[in-house]
1. Looking only at segment 43-56, filter to residues that are in a loop (DSSP other than H, G, I, E, B) and surrounded by 17 or more Cβ atoms within 10 Å (Cβ to Cβ); which one of those is farthest from the chain's Cα centre (by Cα)?
2. Within segment 99-115, is there a residue that is in contact with a Phe, Trp or Tyr (Cβ under 9 Å, 6 or more places away or on another chain) and under 20 Å from Tyr52 (Cβ atoms)?
3. What's the number of the only condition in (1) within 13 Å of Cys31 (Cβ to Cβ); (2) surrounded by 16 or more Cβ atoms within 10 Å (Cβ to Cβ); (3) within 14 Å of the chain's Cα centre (by Cα) that Thr89 fails to meet?
4. Quick check on segment 100-122. Is at least one of its residues under 18 Å from Lys34 (Cβ atoms) and out of contact with any Cys (no Cβ under 7 Å at 6 or more places or on another chain)?
5. Can you find a residue that is at positive phi, under 13 Å from the mean Cα position of the chain (by Cα) and crowded, with 17+ Cβ neighbours inside 10 Å anywhere in segment 28-35?
6. Run down Ser82, Ser63, Ser16 and say which single residue is without any contact (Cβ under 8 Å) to a residue 40 or more places away in the chain, surrounded by fewer than 18 Cβ atoms within 10 Å (Cβ to Cβ) and in contact with a Phe, Trp or Tyr (Cβ under 9 Å, 6 or more places away or on another chain).
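The values are calculated or read from the model by the stated rules, or taken from the named source; none is laboratory data. Every value quoted in this text rests on a predicted model; they were computed, and no experiment measured them. Heads up, the Cβs are rebuilt from the backbone with ideal geometry, glycines too, and the neighbour counts pull from every protein chain shown.
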Amino acid sequence: MTTLPYWKALPLSEMSKEQWEGLCDGCARCCLQKLQDDETDEIFYTRVVCHYLKEDGQCSCYSDRQKYVPDCVWLTPEDAKSFHWLPDTCAYRLVAQGDDLPDWHPLISGKQQSVITAGISVLRYDLIPDDQIDEKHWQDHLIDWVQYD
């Protein structure tokens, strides 16, 4: 008898905090500033990133981030249905939709580096910290995602 991995065996609402946090692949795409088209609701990602993102792709104030960035979204299982703005590669979104995790996800590959190797991490972009550019110029720095196959 095979045991299913926790992300397949448990509903999001029954995951522990550690299991929920473990779904994050560390791509930091959620740390990119996004723009939304008012007419179509389409989300556009920019190369503008939260200035608390470190060079290793981790948040420098993760546990206190909402204290420093009040509009930073705290992803919770209860909000999973509203994750349409997250990239289609995001494990939170994939699991909420009932989809499998991709082969490069660290929970599958066993290696955090696989996110970078697969080209999913934002670390491959020339990023601009959001405290170094006026918001009116964000639209000049849209990212054209290369889709994962």
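1. Ranking the qualifying residues of segment 43-56, first place goes to Tyr52.
2. Looking through segment 99-115, at least one residue is in contact with a Phe, Trp or Tyr (Cβ under 9 Å, 6 or more places away or on another chain) and under 20 Å from Tyr52 (Cβ atoms).
3. (1)
4. no
5. Scanning segment 28-35, I find at least one residue that is at positive phi, under 13 Å from the mean Cα position of the chain (by Cα) and crowded, with 17+ Cβ neighbours inside 10 Å, so the answer is yes.
6. Answer to the selection: Ser16.
Residue-by-condition table, conditions (1) in a loop (DSSP other than H, G, I, E, B); (2) out of contact with any Lys or Arg (no Cβ under 9 Å at 6 or more places or on another chain); (3) among the basic types (Lys, Arg):
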| position | (1), (2), (3) |
| --- | --- |
| Leu94 | no, yes, no |
| Ile108 | no, yes, no |
| Gln112 | yes, yes, no |
| Gly119 | yes, yes, no |
| Leu123 | no, yes, no |
| Asp131 | no, yes, no |
| Lys136 | no, yes, yes |
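Here is a yes/no grid of residues against (1) modelled with pLDDT under 90; (2) on the phi > 0 side of the Ramachandran plot:
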residue	(1), (2)
Trp85	yes, no
Leu94	no, no
Gly110	no, yes
Asp130	no, no
Glu135	no, no
Tyr148	yes, no
